[in-house]
Amino acid sequence: MANATPQGESLIGLKIAILATDGFEQSELTEPRKALDAAGADTEIVSPKQGNVRGWKMKEWGEEIPVDQALDDADPKDYDALVLPGGVINADALRMQPAAIRFVKAFFDADKPVGVICHAPWALIESGHARGHRLTSWPSLKTDLINAGADWVDEEVVVDGKLVSSRKPDDLPAFNREITRLFGQSNTLHAGRRTAATDGGIRPAAE
């Protein structure tokens, strides 16, 4: 089914932020977004830029993608999960912007699921949330992540609690599978909490 995760859990009702600026690796934004949208999620491109952000396609500039929400106006509380695409230009620019790092940090502080790929873990280092996590990345970040207290491994996808990480565009099938599964599990928990909140946790008395 198009709106189900690999475990059969729907992402319908989930709102997912994809934080990016110019120079994101194009496939690392567009492919996860397609996978999440196909599973029923509502994805939004959040950016410090207005208008459009332009991708980087391997060795040249790629497509422009409309920004859905300005970073300055985006509230992490409005989103259920976060995806950080890579691209050295994008990731380096975002880690230098305090508003972007605050946005990322808010998801970890609220224990919401996060997916990062390629150079995106730079934002985790800046936010202080690389420490203690087992994760992977583009190989050139290995030393940065180890120095920040992370347990770095060379694997196509790593799931550590509510964090999913991958190394590069070739890993996207595994990355997309795992973020969809993890976000789907989160949605199941949200649905349970919403049901409990609706009925106040009260069940009819047995007759």
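Filter region 109-128 down to the residues that are closer than 18 Å to Ile18 by Cβ and assigned to a loop (DSSP other than H, G, I, E, B) and list them by number. Ala110, Lys112, Pro113, Cys118, His119, Ala120 - these are the residues of region 109-128 that are closer than 18 Å to Ile18 by Cβ and assigned to a loop (DSSP other than H, G, I, E, B). Take the residues in region 61-77 that are hydrophobic (A, V, I, L, M, F, W, C) and part of a loop (DSSP other than H, G, I, E, B), then tell me which one is farthest from Phe108 (Cα to Cα). Residue satisfying both the conditions and the ranking: Val67. Looking at region 156-168, which of its residues are of a type in the set (Asp, Glu) and within 16 Å of Gly86 (Cβ to Cβ)? Passing the criteria: only Glu156.
Can you list residue pairs whose Cβ atoms sit under 6 Å apart, with the first residue in region 53-72 being in contact (Cβ under 8 Å) with a residue 40 or more places away in the chain and the second being acidic (Asp, Glu) and assigned to a strand (DSSP E or B)? Count only pairs 6 or more apart in sequence or on different chains. As it stands, the answer is Gln69/Glu44, since those pairs meet every condition given.
Of all residues in region 48-60, those being part of a loop (DSSP other than H, G, I, E, B) and either small (Gly, Ala, Ser) or farther than 26 Å from Phe108 by Cβ (or both) number 4.
Every listed requirement among (1) part of a helix (DSSP H, G or I); (2) closer than 17 Å to Asp170 by Cβ; (3) of a type in the set (D, E, K, R) is met by Asp154 save one, (1). Is it the case that region 28-47 has a residue that's modelled with pLDDT under 95, part of a loop (DSSP other than H, G, I, E, B) and touching a helix residue (DSSP H, G or I) at 6+ places or on another chain (Cβ under 6 Å)? No, that holds for no residue. Of all the criteria given as (1) within 12 Å of the chain's Cα centre (by Cα); (2) loosely packed, with under 14 Cβ neighbours inside 10 Å; (3) of a type in the set (Lys, Arg), the one not satisfied by Lys59 is (1).
The values are calculated or read from the model by the stated rules, or taken from the named source; none is laboratory data. None of the values given here were measured: they were computed from a predicted structure. For neighbour counting, all protein chains shown are included, and Cβ atoms are generated from backbone atoms with ideal geometry for every residue, glycine included.
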